[in-house]
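**Q** Got a structure here, written out as structure tokens. Questions coming.
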Amino acid sequence: MDYQNRVGSKKGGGGLASWSQTNANLRERQRKLALESIDLAKDPYIFKNHLGLFECKLCLTTHVNDGSYLSHTQGRKHQLNLARREAKERESRRHDVDLSQQQSATGTESQPLKRKTPKIGRPGYNIMKVKDPLTRQLGLTFHLEFPEIALDEVPRYRFMSAFEQRVDLPPDKRFQYLIISAEPYENCAFKIDAREIDQRNGRFWTYFDKDTKDYYLQLFFNNTPRRPAASLPAAPVKNN
Ligand SMILES: [Zn+2]
């Protein structure tokens, strides 16, 4: 739009602020804009100390500027601490919810609740939506709890296309499935968008905490759309 030639607008109008003020305002505006767009302003963990350095209160790390703080927040260490913190915060709330869910899941209300010896069914889990403030990629952090996991067992994952699986029918090519398994738990399948997952170094990671038996998996979707459906593998065909 051409503001200069709009009716009522004067060239150089409204110029009461001095040049330096204007510049300072502009800088401040740009800075705010940048902070907003990368959500640093909302980041509860960033802290500017008396030396002008940026600290991550979550990881207890120090960074020379907000840019390097930002790249720190994309690293595995920060992401993992973030997931852990989130999991911890949910823990107390979840416990109550779990109990009521178990109760309603049994169907018969008279059935006593066994708290100390849970059946080996599905593990407790939560999923966090994440967004990379730099690349704008959307992602998911999965957190599963395997307190009764078998000795020396490490949870495993695998991705499955809609056509590979035989549970959620008819197959819907818009989705894929992330299956996480750990003996003696039932396999968990999470239905997620059938978008390409960013497999670049460090972008996709899993972590199993052998002490707490917490399992974490984080993925980011590529921004580019998935290849056309025609190139997807077809359903397996039996040879007889
Ligand atoms: Zn951090």
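The values are calculated or read from the model by the stated rules, or taken from the named source; none is laboratory data. Computed from a predicted structure; not experimentally measured. Methodologically, a virtual Cβ is constructed for each residue, glycine included, from the backbone with ideal geometry; neighbour enumeration extends over all protein chains shown. Ligands, DNA and RNA are stripped out before the accessible areas are found, and what is left, the full protein with its side chains, is counted by its heavy atoms. Shrake-Rupley method; radii C 1.70, N 1.55, O 1.52, S 1.80 Å.
**Q** Give the residue, chosen from Leu80, Leu58, that is in contact (Cβ under 8 Å) with a residue 40 or more places away in the chain and closer than 18 Å to Pro133 by Cβ.
**A** Of the residues listed, the single one that is in contact (Cβ under 8 Å) with a residue 40 or more places away in the chain and closer than 18 Å to Pro133 by Cβ is Leu80.
**Q** Of the residues in the stretch 176-190, how many are more than 18 Å from Tyr216 (Cβ to Cβ), open to solvent by 50 Å² or more (accessible area, probe 1.4 Å) and under 24 Å from the mean Cα position of the chain (by Cα)?
**A** The qualifying residues number 1.
**Q** In addition: Which residue is modelled with the lowest pLDDT, if the candidates are limited to the stretch 32-84 and must be out of contact with any strand residue (DSSP E or B) (no Cβ under 9 Å at 6 or more places or on another chain) and within 9 Å of the ligand (Cβ to nearest atom)?
**A** Once the filter is applied, the top-ranked residue is Gly75.
**Q** Of all residues in the stretch 151-206, which are small (Gly, Ala, Ser) and at negative phi?
**A** The answer is Ser161, Ala162, Ser181, Ala182, Ala189, Ala194.
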